[in-house]
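This report concerns only the one structure given below.
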Amino acid sequence: MSAVIPIPFPMGGDNIQAWMVTRMKESMQVLKDHVHFTVDPSTIEGSNDFRQSLAGNDPSAPPTFFTGKSMLFVDDPDHRRLRVLVSKVFTPRYMESLRPRIQVIADELLDKVLEQGQMDLVEDYAYPLPINVISEMLGVPQADRSQIHAWSGTLAHGLGLGRKDPEVDENLRAFGEYTAQLVAHKRQHPADDLISQLIAIEEEGDRLSEDELISMITLLIFAGHETTSNLIATGSMMLLDHPAQLEKLKSDLSLVPSAVEELLRFNGPSTIAGPRFATKDIELGGQLIKKGEVVIPVLKSANRDESQFSQSEELDVTRKINRHLAFGFGIHMCLGAPLARVEADIAFTTLLRRMPNLRLNIPRENVNWNFTLSSQGLASLPVAF
Ligand code: HEM
């Protein structure tokens with residue numbers, strides 16, 4: 001199969017040429033070549049601005065990760081400036097220090113359902129764990145988390161490549177307004193949390209504007225939980241689908257970190273990296289990509305590339321993985337990967353240790369998936385234990 005495949009991509013009334021990149025080598029080439037590819041089409045002369053055509057034209061709406069200037073959608077040097085401000089917090093060492101607290105959260109969630117003998121693994125475990133962790137880091141009050149759940153759900157499902165459901169604007173606005181109010185409140189009442197630290201940086205001078213601050217916080221809240229909960233839920237489902245692998249893991253929980261990497265590879269939450277736009281004509285996998293055209297690295301496909309992984313269609317929790325692309329690659333590679341890894345490690349270890357008889361509580365064909373072009377997760381996962 002060709003590594004670069006043309007797909008129709010209607011956007012803003014135009015038919016723009018778009019390409020799916022299906023293999024590891026070419027996907028990495030796109031993600032690391034910041035000269036020929038950009039995440040910000042507005043920098044290409046004469047190009048259709050992908051996000052502006054979707055963003056809605058309401059100048060009174062507060063910025064969000066999607067409508068404002070978040071690190072995901074800017075190139076260097078702005079990208080580096082924004083990322084450096086938060087990178088210090090997202091180091092593997094700091095994430096390791098969160099372990100005891102994440103363990104308490106995981107145990108408390110399972111304590112609540114243990115006596116029932118059954119739960120919805122999505123609602124009762126996979127969803128609340130990451131949102132509570134990122135909210136505590138940022139300083140988002142407990143009482144607001146279910147509202148954030150609702151906004152994020154609509155955004156995750158309604159906001160895809162070239163697609164925006166009607167209710168998305170309203171939810172983006174509400175999420176942005178909420179975040180702006182939270183920032184205003186924390187300006188008055190600084191606390192020991194990441195939002196207060198970022199406000200201090202913004203107030204110090206010219207390193208972070210108010211628009212960037214609010215966009216960044218919405219990005220951290222959204223990216224900080226939606227994907228990780230999908231990893232925990234989908235990962236559990238994949239293990240239930242592969243009983244021999246599940247048994248292997250249960251009999252040796254020290255395999256969990258390698259199982260997490262394999263679950264990320266085999267069926268990670270992000271189907272694609274954000275679209276890139278060619279800044280100049282360039283050849284990719286033998287295909288000429290013209291300036292302004294859209295290039296979409298399909299991470300799930302690259303992660304099954306048989307030239308990189310033996311038996312790439314098999315789930316093997318003992319697999320030694322050199323590199324997968326589930327967190328992307330290059331300068332935009334996931335900032336939260338160390339956090340997601342610690343959370344997933346604790347989530348799977350705790351689940352399998354405390355519920356060794358975990359099994360699906362509905363027929364397999366009734367399991368409900370949420371698919372968008374950019375991500376994939378489970379609507380619910382009823383299990384018994
Ligand atoms: C299993 C969980 C996760 C997966 C699969 C995942 C996936 C990704 C991917 C593929 C990208 C790159 C997108 C691109 O290049 O277009 C990304 C970027 C990002 N992720 Fe994650 N993510 C996860 C968890 C998290 C967590 C816990 C956070 C915490 C805050 C986070 C924050 C971010 C941020 C801020 C970016 C933008 C980085 C940049 O542009 O420099 N993610 N993520």
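So, in nm, how far is label V367 from label Q287 when the simple model puts each one 7 Å beyond its Cα toward the Cβ?
About 3.0 nm, to one decimal.
When all protein chains stay in place, what accessible area (Å², nearest 10, 1.4 Å probe) is found for I201?
Solvent-accessible area, nearest 10 Å²: 30 Å².
Hey, if you put +1 on the Cβ of every Lys and Arg and -1 on every Asp and Glu Cβ in the chain, which of A61, H157, A244 ends up farthest toward the positive end of that dipole?
Going by the Cα projections, it comes out as A244.
Hey, any idea what the orientation-averaged projected area of the convex hull of the chain's Cα atoms comes to, in nm²?
19.1
Ranked from highest to lowest mean number of other Cβ atoms within 10 Å per residue, what is the order of the peptides 340-347, 314-321?
In descending order of packing, they fall as 340-347, 314-321.
Please compare each pair in K25/K88; K280/K320; K69/K164; K25/K248; K88/K291 to a cut-off of 28 Å on the Cα-Cα distance and tell me which ones are over it.
Listed pairs above 28 Å: K25/K88; K280/K320; K25/K248; K88/K291.
Between the range 204-246 and the range 67-98, how far is it from one alpha carbon centroid to the other, in angstrom?
Centre-to-centre (Cα) distance: 14 Å.
Calculate for the chain the 222 nm mean residue ellipticity that helices alone would give, adding -39,500 (n - 2.57) per DSSP H run of length 4 or more and normalising by residue count, nearest 500 deg cm²/dmol. Walk me through the numbers on the way to the answer.
Values: 15 runs with 178 residues, N = 385.
Value at 222 nm, helices only: -14500 deg cm²/dmol.
Which one of M71, N366, G268 is farthest out on the positive end of the charge dipole of the range 4-384, using unit charges on Cβ (Lys, Arg +1; Asp, Glu -1) and the Cα centre as origin?
Result: G268.
With a probe of 1.4 Å, find how much accessible area the chain has per residue, and write the answer as a whole number in Å². Intermediate values should be presented prior to the final figure.
Numbers: 16700 Å² over 385 residues.
Value returned for the chain: 43 Å² of accessible area per residue.
Which value, in debye to the nearest 20, gives the size of the charge dipole of the chain about its Cα centre, when Lys and Arg are +1 and Asp and Glu are -1 at the Cβ?
Dipole magnitude for the chain comes out near 900 debye.
Which one, G176, G153, G286, has the greatest fluctuation when you compute a Gaussian network model over the chain with C-alpha springs under 10 angstrom?
Of G176, G153, G286, the most mobile in the Gaussian network model is G286.
Give the distance, in whole Å, between the Cα centre of the range 112-139 and the Cα centre of the range 317-348.
Value for the Cα centre distance between the two parts: 20 Å.
Where a Cα-Cα gap under 12 Å defines reach, which aspartates and glutamates qualify for K290, not counting those fewer than 8 residues away within the same chain?
Cross-link targets: D281.
How high is the relative contact order of the range 210-347, in percent, with contacts defined as C-alpha pairs under 8 Å that are six or more residues apart?
With pairs under 8 Å counted, the relative contact order is 27 percent.
Run through the DSSP bridge list for the chain and note the antiparallel percent, rounded to the nearest 5.
Restricted to the chain, the bridges split so that about 90 percent are antiparallel.
Express the carbon and sulfur contribution to the solvent-accessible surface of the range 4-384 as a percent, rounded to the nearest whole number, probe 1.4 angstrom.
51
Out of Y127, Y94, Y178, any idea which swings most in a Gaussian network model of the chain, alpha carbons joined below 10 Å?
Highest fluctuation of the listed residues: Y94.
Contact order normalised by length for the range 4-384, with contacts defined as Cα pairs under 8 Å and 6 or more residues apart; what percent is it?
27
The values are calculated or read from the model by the stated rules, or taken from the named source; none is laboratory data. Keep in mind the model is a prediction, meaning the values are calculated, not measured. Because the Cβ atoms are built from the backbone with ideal geometry, glycine has one as well, and the counts that use them run over all protein chains shown. Remember, those area values only see protein heavy atoms, side chains included, never the ligands or the DNA or RNA. Shrake-Rupley method; radii C 1.70, N 1.55, O 1.52, S 1.80 Å.
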